[in-house]
Amino acid sequence: MNPLLVTVAVPVPLYRGFDYLLPASLAAGARPGVRVRVPFGRRKLCGVIVRAPFERVDDSQDYRPLDAVLDDAPLLGAELLALCEWAAEYYRHPLGEVIAAALPGSLKHGDAAVLHRPQRWQLTPDGQQALATLPGRNRAQRSALEALQAGARGAGEWPVAPAIRARLVELGWVASVADDARQPAAVSDPLPLTAAQQLALHELEGGEQGFRVSLLEGVTGSGKTELYLRRLQASLDAGRQALVLVPEISLTPQLAQRLRERLGDGVLSFHSGMSEGEREQAWLAAREGTTPVIVGTRSAIFVPFARLGLIVVDEEHDASYKQQDGFRYSARDLAVVRAQRLKAELILGSATPSLESLHNAQAGRYRHVRLSERIHAQAPPRIDLLDVRKQTLAHGLAPPLLSALDRCLEAGDQALLFINRRGYAPILLCHACGWQAACAHCDARLTVHRGRSRLICHHCGAQQPLPRGCPSCGAAELMPLGQGTERIEQALLNRYPRKRIERLDSDRLGRRHELQRLLDDVRARRVDVLVGTQILAKGHDFPNLSLVGIVSADQALYGADFRAIERMGQLVTQVAGRAGRAGQRGEVLLQTHEPDHPLLRLLVERGYAGLSAALLNERREARLPPFSHLALLRAEARDAAPPMHFLAAARELLLPLRGLQVMEPIPSGMERRAGFVRAQLLVQAEQRSALQSALAAIVPRLTELARGVRWSIDVDPADL
Ligand code: ADP
Ligand code: ZN
Ligand code: ZN
C-alpha cells in the first residue's frame, strides 16, 4: 500500500489545504476535525485535519510528515467543521484562518482541550431507546451505554474510549451535565404572558417543526426577551441546547443575568471581554453539552454544541454582527445556515429589522411575528423634528431642546442626548489662516479630545498633543468646530452645575467595571443626563427617561452608502425607544437642517415600518440588496497606482463571466488610511450563485496578480 496523506488546514492566508505524510504510528487518531502539529516553512503550526487520510498516488512531489496528532477525538465535530468550510467558501476566506477564528485562543495554538468543570455523564432519552434497539454487533457502544446505565457517574468512572464517547455524544445518546450546577433552586418563575405575547408565542412554537426562522419584530419594551425565555425553556425541556447572540455583551449583562435567573446558572457567556481560559471552558462546555445555553457576541456563532436546538439573534439588524476586517462573516447570516443544517429553530429579534430580514419575511421564507404594544401600555414616544435652521445653537443644541431639558430636569426626570461622534469636536481650525488639524496617514481630520488634551485620528488611531497655537501661522487661537459627546457633556455641565451629567461612548467601554457602575447609576436615577453615541441604542433598559434629544442625524441623509438611511432609521428609532418606558409618554426631539426631507418625514410620521417599506421599494427599483447580491473587492498599497491596476485586472477577469455587473474600480471613500491608498471594485449579481462561482473562479488568479497589493473580498459588504 502507498503511504497515506492527510490534508491539513493551516492558519495562513492561503487559499488551499496542505498535504502531509501520515506516519503509521499516528494513523490511528488522524480523522477530520483533529488538531495536528505540522512543519510549515521553518515554523511549526497547529492545523486541523480537514479530509480523511487518503493514499498517495503520485510520487513526484515531496511531502513532509506530520509532527504530532494533538487530539484523541476530533476537537471540531463534523457540524462545526462543515460550518467553517461553508463559511470559507461563501466568504472566500482561507479555511485555515476561518478555523482559527472558530477556536478560542489556547486551543488555536494546540493546548490540550480539557474541560475543568466537574461533570457527569448521563444517558439521554434517545440513549435509553438506543440501548433497547441497538444491534448486537455495535458491541463497544452497547457496553459503554450499559456501563452508564449501571450507574457510572464521573468522567473517570465511565471507562470508555474518547472516540466512542465522542460518537455517542454526536448521536445524542449520552450527555454530560455539570455536577455542580445548582439547578432549580435559583430559578425564578416565568411571568404570565400578555395576550399579545401569547399570540406571538403561539406563532413561534406552532406550525412546522424542525428548521424554521421567525422574525420577531417588536418595539423596545414589548416583551421580546420574555418570549426568548419561553422558547429557550422549551428547548431545554426537549433536551437541546441554545445559543443567544447579542451585539455587545459588555452592555447587556442584564440579559445574561435574566437568563440565569430563569434557566439556572449553567448559562455561560462567550465574548471578548472574558479571559482566554474562560472562553475556552465555555466553548468546551457547550461542545460536551454541559451548558444548556451560551450567550455571546458575534464569534459565539462558532461555538460547537453537542445538541443545539435553538438560536436567538437579538437586535438582528445590528451592524456589529458583520465582522469588518479579516474574515468578514455575518454571524446573523451564519446563524441561518447553521440552523438550517441542524434542523434547528432560529429567532431573529428586533424593533427595527434589517431590510434583508423584512424581505425574507415578506417572501414567506421567515415567519413574521409581531409584538406591537409595549408591556406597560404607555403610548410609544412621538418623534418631533426640530428645525434648527437659523436658530442660534449653543454647542450644537437649539433653544427648544435646551428648554425641554430645563423642564425635564426641573421635574426631576432623566434625559438622554444622542450624538454619533465621540470626542470634543471633529475639526480644529485656525481662524487666522484656515489651517485644519489633519491626520498624516489618512485623508481625515483629527478629532479634538479635550479630556486627554490630544488630537486623535478615529480611522487609524494616530495621536498627538493638542497644539498650543497654529502650527502654520503661529496664531494663538485655534477653534474647535462641530461637536462630539465630550463637548455636549461640557456644555451641559456648565449649564446645570448641580446636576449629574455622564457620558457613554466607546472611549469609556474599556473600563468595564466603571461602565457597569455607570449603567447602574443611570437605572437608579443617580444620573440626570446621559450623553452618548450609538452605544445607547444597543438594548439597554433605562426605565426613567422622559426626554431623548437627538443632536443630529443629518449625516446619514448625505451619506454615499446605500444603507445609510436604513441605519439612521434604526438608530433614531432605537434611541427614541428608550424614552418613556415606565408609565409616562416620552418626548423625543430630533434636530435637523432637513426638516422637509421626505424620508425623515416618513420616519417621523409613519415610524420605522413606513421608512423600511419605502426603502425596500427604492432598493427593488435600484436592484440593490436584498434584491441583488454584492461583493466588494478592496485593494490597498503605499502608492495609488498598484491598487487601481490590480482592480482593473480583476475586472478583466470578471467581465467575461455571466450574470454579473462589474463596476469600474474607484478610490475608496477615504482614499488614504493608515498610510495606505485604497481602492475598491463593486460586483453585483441578481443570482447569488453567479456571484459565488465568479469569485471562486477569480480568487486563485488574484493571488498571482497581487504583487505588492493587499487585497480582500467582502461578500455582502455592510459598507460601501
Ligand atoms: P423587549 O425585549 O422587547 O425590550 P422585555 O422582554 O425586556 O422587552 O420586556 C420589557 C419589560 O416588560 C421588562 O421589564 C419585562 O420584565 C417586562 N415584561 C415582559 N413581559 C411581561 C409580562 N408578561 N408581564 C409583566 N411584565 C413583563
Ligand atoms: Zn493659522
Ligand atoms: Zn489617521
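Structural remarks
- For region 99-146 versus region 630-690, the spacing of their alpha-carbon centroids is 47 Å.
- Counted by Cβ distance under 12 Å from Ala234, the other residues give a net charge of 0, where Lys and Arg count +1 and Asp and Glu count -1.
- Nearest-ten-degree value, helix 641-654 long axis tilted from longest Cα axis of the chain: 60
- Over the Cα atoms of region 427-481, the radius of gyration divided by the Kirkwood radius equals 0.94; this is the Rg/Rh ratio.
- Per-residue ³J(HN,Hα) for region 555-563, Karplus 6.51 cos²θ - 1.76 cosθ + 1.60, θ = phi - 60°, Hz, x for Gly and Pro: 3, 5, 5, 9, x, 7, 6, 5, 9
- Signed unit charges on C-beta, dipole axis of the chain, positive-most listed residue Leu229, Pro53, Leu401: Leu401
- For the pair region 700-715 and region 32-74, the centres of their Cα atoms are 27 angstrom apart.
- Stretching the chain fully between Lys499 and Arg137 yields a gain of 122.6 nm (0.36 nm per residue, less the alpha carbon separation).
- Counting other Cβ atoms within 10 Å as a rough exposure proxy, the listed residues Asp325, Asp384, Asp528 run Asp325, Asp384, Asp528 from fewest neighbours to most.
- Stokes-Einstein D (µm²/s) once Rh is taken as the Kirkwood radius of region 461-604 over alpha-carbon pairs, at 25 °C in 0.890 mPa s: 140
- Counting neighbouring beta carbons within 10 Å and listing from fewest to most, the residues Leu603, Leu193 come out as Leu193, Leu603.
- Unpaired cysteine residues in the chain (no second Cys Cβ under 4.7 Å): Cys46, Cys84, Cys408, Cys460.
- Residue-normalised convex hull volume from the C-alpha trace of region 4-109: 102 Å³ per residue.
- Charge context of Leu571, other residues only, Cβ under 11 angstrom, K/R +1, D/E -1: 0
- The calculated pair-distance distribution of region 368-410 uses every alpha carbon pair, bins of 10 angstrom beginning at 0, and gives 21, 33, 23, 18, 4 percent.
- Principal axis box of region 232-338, alpha-carbon based, largest edge first, Å: 37, 28, 23
- Exposure proxy ranking, count of Cβ atoms within 10 Å, fewest first, for Asp189, Asp714, Asp719, Asp596: Asp189, Asp596, Asp719, Asp714
- Among the GluC sites (Glu not before Pro) in region 427-496, those located in a DSSP loop and surrounded by at most 10 other Cβ atoms within 10 Å of their own Cβ are Glu477.
- The chain - charge dipole about Cα centre, Lys and Arg +1 at Cβ, Asp and Glu -1, debye rounded to 20: 680
- Taking N as the residue count of the chain, its C-alpha radius of gyration divided by 2.2 N^0.38 Å amounts to 1.04.
- Normalised contact order of region 629-715, rounded percent, pairs of Cα under 8 Å and 6 or more residues apart: 45
- As a length-normalised measure over Cα pairs under 8 Å and 6 or more apart, the relative contact order of region 195-369 settles at 34 percent.
- Unit charges at the beta carbon, dipole of the chain: most positive-side option, Val187, Gln684, Gly127: Val187
- Considering only beta bridges that DSSP places wholly inside the chain, some 55 percent are antiparallel.
- What the phi angles of region 90-106 give under the Karplus curve with 6.51, -1.76 and 1.60, with θ = phi - 60°, is a coupling list of 5, 8, 6, 10, x, 4, x, 6, 5, 5, 4, 5, 7, 9, x, x, 5 Hz, glycine and proline written as x.
- For region 56-175, fraction of C-alpha pairs farther apart than 24 Å, in %: 47
- If the Kirkwood radius is taken over C-alpha pairs of region 629-715, then at 20 °C and 1.002 mPa s the Stokes-Einstein diffusion coefficient equals 167 µm²/s.
- Computed helical MRE - 222 nm, the chain, DSSP H runs ≥ 4 contributing -39500 (n - 2.57), nearest 500: -10000 deg cm²/dmol
- Charged-residue dipole, Cβ positions (Lys, Arg, Asp, Glu), region 4-109 about Cα centre, Debye nearest 20: 380
- The chain: relative contact order in percent, alpha carbon pairs under 8 Å with at least 6 residues between: 11
- Lys343-Ala641 pseudo-label distance in nm [points 7 Å out on the Cα-to-Cβ vector]: 6.1
- Counting charges near Pro247 (Lys, Arg +1; Asp, Glu -1) among other residues having Cβ under 12 Å from its Cβ returns a value of -1.
- Simple rule: put +1 on each Lys or Arg Cβ and -1 on each Asp or Glu Cβ in the chain, find the dipole, and look at Ala613, Ile565, Leu492; the Cα lying farthest toward the positive end is Leu492.
- Region 592-683: C-alpha gyration tensor shape, a/c 1.5 cut-off, then a/b vs b/c: oblate
- Kirkwood-type hydrodynamic radius, region 547-617: 12.6 Å, calculated from all non-identical alpha-carbon pairs.
- Rg/Rh ratio calculated on Cα atoms of region 274-320 (Kirkwood radius): 0.98
Read-outs throughout are calculated quantities, based only on the coordinates presented, and are distinct from any laboratory measurement. Just so you know, these numbers come straight off a predicted model, no measurement behind them. Heads up, the Cβs are rebuilt from the backbone with ideal geometry, glycines too, and the neighbour counts pull from every protein chain shown.
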